[in-house]
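The values are calculated or read from the model by the stated rules, or taken from the named source; none is laboratory data. On a predicted model such as this, the values are computed, not experimentally measured, just so you know. Heads up, the Cβs are rebuilt from the backbone with ideal geometry, glycines too, and the neighbour counts pull from every protein chain shown. For the accessible areas, the whole protein counts, side chains as well, though only heavy atoms, and no ligand, DNA or RNA atoms are used. Shrake-Rupley method; radii C 1.70, N 1.55, O 1.52, S 1.80 Å.
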Amino acid sequence: QVQLVESGGGLVQPGGSLKLSCAASGSIFSINAMAWYRQAPGKERELVAGITASFSTNYADSVKGRFTISRDNAKSTVYLQMNSLKPEDTAVYYCNIARLRGGVWYAALEVWGQGTLVTVSS
(Lines give C-alpha, C1' and ligand atoms only; values in the text may rest on other atoms or scores of the structure.)
Protein backbone atom coordinates (compact mmCIF):
# COMPACT_ATOMS: atom_id res chain seq x y z
CA GLN A 1 0.00 0.00 0.00
CA VAL A 2 1.12 3.55 -0.69
CA GLN A 3 2.38 5.40 2.36
CA LEU A 4 2.39 9.15 2.71
CA VAL A 5 4.16 10.78 5.62
CA GLU A 6 3.57 14.45 6.36
CA SER A 7 5.97 16.53 8.40
CA GLY A 8 6.98 20.10 9.12
CA GLY A 9 4.04 21.36 11.13
CA GLY A 10 4.31 23.25 14.36
CA LEU A 11 3.35 26.35 16.28
CA VAL A 12 3.96 29.68 14.58
CA GLN A 13 2.88 33.26 15.14
CA PRO A 14 0.59 35.06 12.71
CA GLY A 15 2.63 36.29 9.78
CA GLY A 16 5.14 33.49 10.18
CA SER A 17 6.13 30.75 7.77
CA LEU A 18 6.34 26.98 7.67
CA LYS A 19 7.30 24.48 5.02
CA LEU A 20 5.51 21.16 5.02
CA SER A 21 6.82 18.00 3.40
CA CYS A 22 5.04 14.88 2.23
CA ALA A 23 7.19 11.88 1.48
CA ALA A 24 5.66 9.12 -0.60
CA SER A 25 6.57 5.47 -0.86
CA GLY A 26 5.10 2.43 -2.55
CA SER A 27 3.93 4.14 -5.74
CA ILE A 28 5.11 5.70 -8.98
CA PHE A 29 5.25 9.22 -7.67
CA SER A 30 6.17 11.13 -10.82
CA ILE A 31 3.05 10.19 -12.81
CA ASN A 32 0.59 11.28 -10.16
CA ALA A 33 -0.91 14.59 -9.30
CA MET A 34 -0.51 15.41 -5.62
CA ALA A 35 -2.44 17.67 -3.32
CA TRP A 36 -2.46 19.14 0.14
CA TYR A 37 -5.63 19.18 2.19
CA ARG A 38 -6.42 20.51 5.63
CA GLN A 39 -9.04 19.99 8.26
CA ALA A 40 -9.75 22.52 10.96
CA PRO A 41 -11.71 21.71 14.12
CA GLY A 42 -15.41 21.38 13.37
CA LYS A 43 -14.92 21.73 9.63
CA GLU A 44 -14.72 19.42 6.65
CA ARG A 45 -11.46 18.54 5.01
CA GLU A 46 -10.72 20.96 2.19
CA LEU A 47 -8.33 21.17 -0.71
CA VAL A 48 -5.53 23.65 -0.11
CA ALA A 49 -3.29 23.20 -3.13
CA GLY A 50 -2.66 20.73 -5.91
CA ILE A 51 0.10 20.05 -8.39
CA THR A 52 -0.14 17.88 -11.48
CA ALA A 53 2.44 15.57 -13.00
CA SER A 54 3.22 18.38 -15.44
CA PHE A 55 3.72 20.84 -12.57
CA SER A 56 0.55 22.84 -13.08
CA THR A 57 -0.76 24.16 -9.78
CA ASN A 58 -4.06 25.02 -8.19
CA TYR A 59 -4.79 26.87 -4.95
CA ALA A 60 -7.76 27.54 -2.77
CA ASP A 61 -8.72 31.20 -2.86
CA SER A 62 -7.96 31.49 0.83
CA VAL A 63 -4.27 30.70 0.34
CA LYS A 64 -3.50 32.23 -3.05
CA GLY A 65 -0.45 34.45 -2.91
CA ARG A 66 0.62 33.01 0.43
CA PHE A 67 1.16 29.28 -0.15
CA THR A 68 3.25 27.56 -2.79
CA ILE A 69 3.06 23.87 -3.66
CA SER A 70 6.00 22.17 -5.31
CA ARG A 71 7.30 18.68 -5.93
CA ASP A 72 10.62 16.91 -6.23
CA ASN A 73 10.08 13.72 -8.17
CA ALA A 74 13.60 12.48 -7.51
CA LYS A 75 12.80 12.54 -3.79
CA SER A 76 9.16 11.46 -4.20
CA THR A 77 8.23 14.44 -2.08
CA VAL A 78 5.69 17.24 -2.34
CA TYR A 79 6.08 20.46 -0.38
CA LEU A 80 3.87 23.25 0.81
CA GLN A 81 5.57 26.53 1.56
CA MET A 82 3.27 28.58 3.76
CA ASN A 83 3.93 32.28 4.26
CA SER A 84 1.99 35.05 5.95
CA LEU A 85 0.19 32.52 8.08
CA LYS A 86 -3.11 33.44 9.65
CA PRO A 87 -4.94 31.96 12.63
CA GLU A 88 -7.54 30.56 10.24
CA ASP A 89 -4.81 28.43 8.67
CA THR A 90 -4.73 26.38 11.85
CA ALA A 91 -5.53 22.80 10.89
CA VAL A 92 -4.16 19.34 10.42
CA TYR A 93 -2.59 19.22 6.98
CA TYR A 94 -2.67 16.07 4.88
CA CYS A 95 -1.34 15.09 1.49
CA ASN A 96 -2.78 12.61 -0.97
CA ILE A 97 -2.49 11.41 -4.52
CA ALA A 98 -5.00 13.38 -6.55
CA ARG A 99 -7.11 12.78 -9.61
CA LEU A 100 -8.23 15.78 -11.59
CA ARG A 101 -11.51 15.24 -13.40
CA GLY A 102 -13.69 18.01 -14.77
CA GLY A 103 -11.82 20.61 -12.76
CA VAL A 104 -12.38 18.77 -9.49
CA TRP A 105 -9.51 17.43 -7.42
CA TYR A 106 -10.31 14.04 -5.93
CA ALA A 107 -8.26 12.33 -3.28
CA ALA A 108 -7.25 8.96 -4.71
CA LEU A 109 -6.30 7.16 -1.52
CA GLU A 110 -9.12 6.26 0.81
CA VAL A 111 -6.80 5.86 3.77
CA TRP A 112 -5.34 9.12 4.98
CA GLY A 113 -2.11 9.54 6.87
CA GLN A 114 -1.73 11.08 10.29
CA GLY A 115 -1.18 14.54 8.87
CA THR A 116 0.86 17.29 10.46
CA LEU A 117 -0.60 19.90 12.77
CA VAL A 118 -0.15 23.57 12.00
CA THR A 119 -1.12 25.97 14.75
CA VAL A 120 -1.02 29.70 14.07
CA SER A 121 -1.38 31.65 17.27
CA SER A 122 0.19 34.48 19.19
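Observations
- When the solvent-accessible area of segment 1-82 is split by element, carbon and sulfur atoms take up 49 percent of it, the probe being 1.4 Å.
- Restricting segment 44-122 to chymotrypsin sites (Phe, Trp or Tyr not before Pro) in coil, as DSSP defines it, with at most 16 other Cβ within 10 Å: Phe55, Trp112
- Across segment 74-91, coupling constants 3J(HN,Hα) worked out from phi with the 6.51/-1.76/1.60 Karplus curve, θ = phi - 60°, read 5, 9, 6, 9, 10, 10, 9, 7, 10, 10, 6, 5, 10, x, 5, 7, 4, 4 Hz, and Gly and Pro carry x.
- Trypsin sites (Lys or Arg not before Pro) within segment 30-122, DSSP loop, no more than 12 other Cβ atoms inside 10 Å: Lys43, Lys64
- Accessible area per residue was computed with a 1.4 Å probe on protein heavy atoms; Ser121 scores about 60 Å².
- In Å², nearest 10: area of Val63 left accessible to a 1.4 Å probe: 0
- Annotation: lysines with alpha-carbon distance below 30 angstrom to Lys43 (same-chain offsets under eight excluded): Lys19, Lys64, Lys86.
- Virtual paramagnetic centre 7 Å along Cα→Cβ of Ser56, amide N under 16 Å, in segment 81-112: 98-106
- Karplus-based coupling profile of segment 60-71, in residue order and whole Hz: 5, 4, 5, 10, 4, x, 10, 10, 9, 9, 8, 9, with θ = phi - 60° in 6.51 cos²θ - 1.76 cosθ + 1.60 and x standing for Gly or Pro.
- ³J(HN,Hα), Karplus 6.51/-1.76/1.60, whole Hz, each residue of segment 11-23, x for Gly, Pro: 9, 9, 7, x, x, x, 9, 9, 10, 8, 10, 9, 9
- Exposed GluC sites (Glu not before Pro) absent - longest run of the chain, DSSP non-H/G/I/E/B, at most 14 other C-beta within 10 Å: 45-109
- Structure-derived Rg and Dmax of the Cα atoms in Å: which label, when the choices are (1) 14.0, 49; (2) 13.5, 44; (3) 13.4, 41: (3)
- Here the contact order of the chain, divided by its residue count and restricted to Cα pairs under 8 Å and six or more residues apart, works out to 35 percent.
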